[in-house]
1. What number of residues within segment 293-317 satisfy the criterion of being more than 25 Å from PRO188 (Cβ to Cβ) and in contact (Cβ under 8 Å) with a residue 24 or more places away in the chain?
2. Scan GLY17, GLY10 and give me the residue that is buried (at least 16 other Cβ atoms within 10 Å of the Cβ) and touching a Gly at 6+ places or on another chain (Cβ under 6 Å).
3. If we keep just the residues of segment 173-199 that are surrounded by 21 or more Cβ atoms within 10 Å (Cβ to Cβ) and more than 17 Å from the chain's Cα centre (by Cα), which is nearest to LEU22 (Cα to Cα)?
4. So which of THR148, THR126 ends up being in contact with a Pro (Cβ under 7 Å, 6 or more places away or on another chain), not charged (D, E, K, R) and not in a loop (DSSP other than H, G, I, E, B)?
5. Cβ-Cβ under 8 Å, sequence separation 6+ or interchain: first residue in segment 318-333 and at negative phi and loosely packed, with under 15 Cβ neighbours inside 10 Å, partner polar (S, T, N, Q) and part of a loop (DSSP other than H, G, I, E, B). Which pairs?
6. Quick one: in segment 200-214, which of the residues that are surrounded by fewer than 22 Cβ atoms within 10 Å (Cβ to Cβ) and hydroxyl-bearing (Ser, Thr, Tyr) is farthest from GLU231 (Cα to Cα)?
7. Condition test on GLU45, is it buried (at least 20 other Cβ atoms within 10 Å of the Cβ), among the charged types (D, E, K, R) and in the same structural domain as TRP110 (by TED's automatic domain parsing)?
8. If I filter segment 62-97 down to residues being surrounded by fewer than 17 Cβ atoms within 10 Å (Cβ to Cβ) and of a type in the set (A, V, I, L, M, F, W, C), which single residue comes out as nearest to the chain's Cα centre (by Cα)?
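The values are calculated or read from the model by the stated rules, or taken from the named source; none is laboratory data. What you are looking at is a predicted structure, and each value in this text was computed from that prediction instead of being measured. Cβ coordinates were reconstructed from backbone atoms using ideal geometry, including for glycine residues, and neighbour counts include every protein chain displayed.
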Amino acid sequence: MSQTRAVICGYYGKGNGGDEALLMSLLQMLPPHVQLIVLSGNPKETKKRYGVESCDRASAFPILQALKLSDWFIWGGGSLMQDVTSITSPIYYAGLMALAQQRGLKTIAWAQGIGPLQKPFTRWLTKQVLLNCTAISVRDHKSAQILTDWHISPLVAPDPVWALESKSVPGIADLPAPRVAVTLRSHPQLTPQRLENLTTALVQFQQATDTYILLVPFQVTKDLAIARSIEAKLPGKKQIVTLSDPRELKGLFRGVEMAIGMRFHSLIMAAAEQCRCFALSYDPKVSQLMSELSLPGWELSQLPADASEISTVWLEHYANGEALNSTQIEAMRDRALLHQELLTKNIS
């Protein structure tokens, strides 16, 4: 089979474990004859870690050269088209896709979470580039509904990270059990008072359970300071765990009794490894996941002001809550592989 070249575009090389997991999932799912160039915030690290050609996502000339030499352009998963964080993000990703389409490349919007799109311009821009895509897959029904309203019919399947191959983390199994993982991130809704309440609740929870607390920054630049602030106040056994391999990040949860998480992909990884999950939602994508999987949790905006109330709910879930069973996990994994079928069917 002749070589096919594809440019892969996403929030890569920024140290975000969830987005790196999406990239690794995409690499696992792409047909083997596809030669890749990945747009990255850290091209050297991306090339070293994944063994793929990579160029700076902010450098115009290398990007133009990559498009000139390629047949396909792929949005590689995640919430790329949303304007809540900033309007710059959807303009960047849609602009690149529109440029690729203008230059005659076939385009795929792969495993996307569309929205929120609050501004008329970003809604229009997103619709225009999607209308010209060869294939589209989305990871949730709310995204699918947005596209259906635009008379676009996407493939709907769970996030590809459900199907990511996990890898054991050396030394984790040797830590004292039981273990609980915590993944918090900086966000305007995680106010200093809410963080203080969560930290106090975690102290109470640990004192009641004698659990070993793993503080897991998914993106060091945004999560590590929070992990350190909690670590300093926990009286019992604890450890900050930073991992760069997405497969290890997922495998970490294999030896954990319960996960308390804000990060969307931390909850997917934990659920996929049959770990009990408790969600703290800062974003509609986390709230949707809570609804789809019937995960207990709170919207951060509705977090109880009483730390004792928080710890009591955690203790109840720790004692009596249930993880997804193997049948449910296998079903999610099998459905997530539909994203692979879309790639195999379209990229020749």
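1. First, the residues of segment 293-317 that are more than 25 Å from PRO188 (Cβ to Cβ): 293-294, 308, 312, 315-317.
Subsequent filtering for residues that are in contact (Cβ under 8 Å) with a residue 24 or more places away in the chain retains 293, 308, 315, 317.
So the answer is 4.
2. Working: GLY17 fails: touching a Gly at 6+ places or on another chain (Cβ under 6 Å).
Answer to the selection: GLY10.
3. VAL180
4. Working: THR148 fails: in contact with a Pro (Cβ under 7 Å, 6 or more places away or on another chain).
Answer to the check: THR126.
5. ASN325/GLN274; SER326/GLN274
6. Residues of segment 200-214 surrounded by fewer than 22 Cβ atoms within 10 Å (Cβ to Cβ): 200, 203-204, 206-210, 212.
Now narrow it down to the ones that are hydroxyl-bearing (Ser, Thr, Tyr): 200, 209, 212.
Working: THR200: 12, THR209: 17, TYR212: 11 Å.
Top of the filtered list is THR209.
7. Values: buried (at least 20 other Cβ atoms within 10 Å of the Cβ): no; among the charged types (D, E, K, R): yes; in the same structural domain as TRP110 (by TED's automatic domain parsing): yes.
So GLU45 does not fit the description; no.
8. VAL84
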